[in-house]
Amino acid sequence: MFRAFVTALSLTVASPLLADSVKFAVTDVEGLEALQQEFAGFEAALEEVTGLDVELFPVSSRTSAVEAINQGQVDLVLTGPAEYVVIKELTDAQIVVAWQRPNYFAQIVTMSEGDIGSVSDLKGKTVTFGSVGSTSQHLGPAQVLADFGMAYGVDYQPQIISRNVAVEALIRGDVEAVGMNEGHLRRIRAAFPDQAFTVVARGRDLPNDILVARQGIDTDVLEKVANAFLNDADTLMAAVLTGEDNQKYDGGFFLTEVDDADYNYVRDMYKTIGVDTSSFVGE
C-alpha cells in the first residue's frame, strides 16, 4: 500500500499543472500560416513572461472575430481603431492595452504639378479611398476632408479603389486625389521616383491599434497579460517586431492607460461617411 502511495505521489509530482490557456487573434491577418509568420515570436514571448499557454487563433474577417468573442472561442483580439469601435458595440469587449503606430495619420495626396493646390480645389473632384472601412485609407482621409469643411459625397465624389490602381489613375490624371497614410506615401514615392506627389491635407494622429479582451475572461489571466505589457514591454515589442508586417509598430510602444473615449474621433469618422458603428463598413 505504501509503495502504491509513493508511486501515485511520484506521478503527481512528475505531471506539471497545466498552464491557463489564452487564445489570441488579429483581425487584419487572415489564415493560421500568416498569423504564425507575424506573431509566432510574440506568442512565445507572451508565454514566457506570463506563464500562460498562448494559442494563435486565426479569424477570417472582422465579423468572424466578433462571433468568436461572443461565443467565447477567443480571449484576446488585436484590432485597428476602426474595427475596435464596432467590436466594442457588438461585444462590449474590454480594453487591455494600446499598440502605438508611429506616424500613423491619414492624408490627402495629389500630383505636385496638377491643378489641386489646396483642399478647396477638390470641390466637385474625385477623391479615391483604399480598403473600404480602413482607418487610414478610408475613414481617416474622409474625416480629414470633413475637418476642412468638405462633406463626403456632397462636395467631392468619393470612390473606393485599390490604392495601387488609384495611384496610377492619379498619375494619369483620371482622379484628383488619393487618401492614404504616411507609410503608403513613402512606398509610393519609392515606387515612382520620377513623379512628384503633394500632401494637401494631413489629419491628426490616429488612435492606436488596441488589444481587447472578451467579457468573462478569467481575471487572473487578464491580470497576467496586463502586467506583462506593463513590466515586460521591451521584451514583447521586440518579439512583435520579428513579424514583417509588424514593422509598422517599430519605434512605438504599448500604452496601458487607455480610455474608450479616446476612440470617439473614430466614431466621428463613421458619422462622416453616413454609417453607424453597429456593423463593419463593407461587410
Going through (1) of a type outside the set (D, E, K, R); (2) under 30 Å from Glu176 (Cβ atoms); (3) loosely packed, with under 14 Cβ neighbours inside 10 Å one by one, Ala201 fails only at (3)
Within region 204-234, the count of residues that are part of a loop (DSSP other than H, G, I, E, B) and surrounded by 16 or more Cβ atoms within 10 Å (Cβ to Cβ) comes to 6
The one condition Asp92 fails out of (1) of a type in the set (D, E, K, R); (2) on the phi < 0 side of the Ramachandran plot; (3) touching a residue at least 24 places away in the same chain (Cβ under 8 Å) is (2)
Taking region 139-175 and the residues there that are in a helix (DSSP H, G or I) and of a type in the set (D, E, K, R), the one that is nearest to Val127 (Cα to Cα) would be Arg163
When every residue in region 222-273 that is touching a residue at least 60 places away in the same chain (Cβ under 8 Å) and of a type in the set (Lys, Arg) is compared, the one nearest to Val85 (Cα to Cα) is Arg267
Among Val96, Val127, the single one that is buried (at least 16 other Cβ atoms within 10 Å of the Cβ), touching a strand residue (DSSP E or B) at 6+ places or on another chain (Cβ under 8 Å), in a strand (DSSP E or B) and not assigned by TED's automatic domain parsing to the domain that holds Gly252 is Val127
Picking from Val74, Val29, Val85, Val49, the residue that is assigned to a loop (DSSP other than H, G, I, E, B) and at pLDDT 95 or above would be Val74
When (1) out of contact with any Asp or Glu (no Cβ under 9 Å at 6 or more places or on another chain); (2) part of a strand (DSSP E or B); (3) within 26 Å of Trp99 (Cα to Cα) are applied to Val178, the one that fails is (3)
Only one of Ala151, Ala177 is touching a residue at least 40 places away in the same chain (Cβ under 8 Å) and either surrounded by fewer than 20 Cβ atoms within 10 Å (Cβ to Cβ) or within 17 Å of Asp115 (Cα to Cα) (or both), namely Ala177
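The values are calculated or read from the model by the stated rules, or taken from the named source; none is laboratory data. Computed from a predicted model, the values in this text were never measured in an experiment. All Cβ positions, even for glycine, are placed from backbone atoms using ideal geometry, and neighbour counts span all protein chains on display.
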